[in-house]
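These notes are about the structure you will find just below.
The values are calculated or read from the model by the stated rules, or taken from the named source; none is laboratory data. Just so it is clear, the model here is predicted, and its values are computed rather than measured. Here the Cβ is made from the backbone with ideal geometry for all residues, glycine too, and neighbour counts use every protein chain on show. When the accessible area is computed, the model is the full protein with side chains, heavy atoms only, and any ligands, DNA or RNA have been set aside. Shrake-Rupley method; radii C 1.70, N 1.55, O 1.52, S 1.80 Å.
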Amino acid sequence: MPTFHDEHSLDDSMMDSDISFISEATPHGTELSMVSVAPPVSPTANRNSRDNGRGHGDAGNVVRPAADKALPEVDMGHDEGTEKDGVTKDSSSVSSSSKVRQRKCFWILVTGTIILIAIVAAMLVFLVASGGSGSGSQSAVEVPSEPGNEPTEPGTSPGAPTEPTNPSPEEPTNPAPSPSDTSTTPAPTPSPVTTATDPPNFVPTQAPSAELFSFLAPKLPDGGFSLQFTDSYQSKAFEWLEANHVAGDHTAARVLQRFALASIYYATYSVETPYTIQEIGQGLIFGWIRTDNWVQAQDECTWYGITCNDEGLVEEIDLSKNFLTGQFPPEVVLLKDSLVRLDLFRNNFYNPGEKWNSFIGDLTLLQDLSIGQTGFEYDGIPPFIGQLSNLVDLDVSYALFFGALKPEIFDNLPNLEYLYIGGNSFNTPLPSTFSSLSKLKYFYAEFTDLTGDLSFFKNPDKHPDFYEAWIDQNPEVTGQIPPELAGHSKMASLSLTDLDLFGQIPTQLGDMVELKQLWLFGNRLSGNIPSELAKIEGLVRLELQGNEMTGPMPFEICTTKFLKDKMEILGADCKDKIDCPSQEGECCTCCGDDCSSDKEQLPGNRRLGAATRVKGREESRSRRRLERRDMLEQQFKDPELLKKAVQNKKRRLAFVVRQRELRRKS
């Protein structure tokens, strides 16, 4: 490690001697004793004079030896007229006059040289003085690249700890509410619009704590590069961490997770983006709805939405419906060794492209990932999600995933039980790797622009635990209902509405004895309604309206409905195509369009899958699924709501296309 102690001491003494030398060398009279023609001095005196000038910098070593070397050439010890080197007294007068002239020329030359050297020395003194102060200023903004290599300040011993000089922590544009605030946060002043392609203003911070920086920077996704920008969320999180970190009080893992959580806060608290302008309007954003204890000194395990394991490490993050804006930060990967659940459902942050999606693939311990109704945007479902082999629940519904479904998405998810991809736009069939989801129980893919047919139902052995499957509002899905569908013996809820299915309903569906709900409306199904459906004794709901079937409603089905009083809803085209008495106490509960307009037909619990999963942490997810499906049910039944949903999807699609084009141009 370079040391500046002796060097600075030398500079100080050099400055003192140079200043005194300059005062002697000033051309204001005869004070420059070195230049005057003086009586001869003894060699001892000359040597002492030289010794006194040594050790005082370059100026002393240059000036004084020049004069001393010249003096021996002049014979100061002989009188005129004496004989020297064969020259007689007769020529002494001429020789003496010549010597005088030589002496004058010599001393003029020496004097000019001394003055010139004095000027140069003065300039050197000035540069040394100004350079020292400049060096001190520069060291204030240097960021140490490696621990232990930091330069020491003058007057300190090498390796001694130095007190870091840090700026006052910059307050966020919208400071966090007090810990006691557990309700909505007052609307703060909107922050500047940021996008994934807008770099922050380059304003270097002062040097952060060297020890903390050297520990943290190599572990960050960008290697600590963003810490040098004062307006970056990383820099704000670092300043908060410095102010709320006591060395030895937190383990390394705790330091990392506190920084990760602070990054989430500063990156998503009241930050306006093109997506918020699109969805909410410009200048209309506000802070999080709940901020209990966030970015306070309290243990981060007490912060709202955070759950820790027995070791104090973050295990779950649930910030659903909390009005997060900005961009959800990749620094969450600092929690990859403990995080098993990440729930960001229904928020307004905007994460476009690979840069803001790829980090998901590093959270390999995740069992539950919910990013439905958020601004995660990618060309199809991000393939990085396919790296999460421990996933059990995956909800990417109504995000901004517009593009083809890639096979690698489903190729490495052997534990997946719950998959919700509805509300996106894929324009492709389900890839063949979908059959590798051997533990899949709940599958929801409504309103996704799927194409192809229902061939993925033809291999029941591939999905032996299928319990609920809804593939609604995908008019490009065509073909016949495969008879092999009946092989899913555990299926309890099946919805194939508003597709382009044709042909007859397979009689084999009567073998699905566990079936409780069956929706087939809005297709081109023809023929008669099979009486075998009456074998499904537990059938609670059967809706067949909006098809091309004719003939009577089978007596067996009406008996099941009327005599056994188990079927709550039975819908058909009983006004013109199906002979099905619909008077009170008879068979059909609704006919044709009446089934869509009758709001009393709306169920309180259509999603059976959600109702069966109400244990532990699954309870909150189940409530959300019920809520979501109730909303979709209303869309099925209310043409105006369905029209609005279609318009919203078109608007979001236009936004994504526009943003992708801007990114390509930039």
accessible surface per residue for segment 418-481, probe 1.4 Å, DNA/RNA/ligands not counted, whole Å² -> 32
What is the pair-distance distribution P(r) of segment 414-465, computed from all Cα-Cα distances in 10 Å bins starting at 0, with each bin given as a whole percent? 24, 57, 19
Within segment 444-517, trypsin sites (Lys or Arg not before Pro) in DSSP loop having at most 14 other beta-carbon neighbours inside 10 Å: K458
With a 1.4 Å probe and all protein chains left in place, how much of the accessible area of segment 386-442 comes from carbon and sulfur atoms, in whole percent? 48
Which value, in Å² and to the nearest 10, is the accessible area of Y444 when all protein chains are kept and the probe is 1.4 Å? 0
Give the long-range amide H neighbours of G479: residues separated by 5 or more places, or on another chain, with amide H under 5 Å away, using H modelled in the peptide plane at 1.01 Å from N. F502
Using modelled backbone amide H atoms (1.01 Å from N, in-plane), which distant-in-sequence or interchain residues come within less than 5 Å of K575's amide H? G592
Give the Debye-formula value of log10 I(q)/I(0) at each listed q (0.13, 0.19 Å⁻¹), with one equal scatterer per alpha carbon of segment 298-400, two decimals each. -0.42, -0.93
What is the local net charge at K575, summed over the other residues whose Cβ is closer than 12 Å to its Cβ (Lys, Arg +1; Asp, Glu -1)? -4
Whole number in Å², please: accessible area per residue of segment 266-335, 1.4 Å probe, ligands, DNA and RNA not counted. 32
State the Kirkwood hydrodynamic radius of segment 388-437 in Å, one decimal place, computed from all pairs of distinct Cα atoms. 11.3
Applying the Karplus parametrisation 6.51 cos²θ - 1.76 cosθ + 1.60 with θ = phi - 60° to the phi angles of segment 306-315, what ³J(HN,Hα) value in whole Hz is obtained for each residue in order, glycine and proline being reported as x? 9, 10, 10, 7, 5, 8, x, 9, 5, 10
How would you classify segment 362-498 from its alpha-carbon gyration tensor, with a ≥ b ≥ c the square roots of the eigenvalues: rounded for a/c under 1.5, else prolate if a/b is greater than b/c, otherwise oblate? oblate
Report the percentage of all Cα-Cα pairs in segment 248-325 whose separation exceeds 20 Å, rounded to a whole percent. 37
Pairs K236/K336; K458/K566; K516/K566; K219/K355; K355/K650; K535/K577: which exceed 19 Å Cα-Cα? K236/K336; K458/K566; K355/K650; K535/K577
Would you work out if segment 350-411 is rounded, prolate or oblate? Take a ≥ b ≥ c from the square roots of the eigenvalues of the alpha-carbon gyration tensor; rounded if a/c is under 1.5, else prolate when a/b is larger than b/c, oblate otherwise. rounded
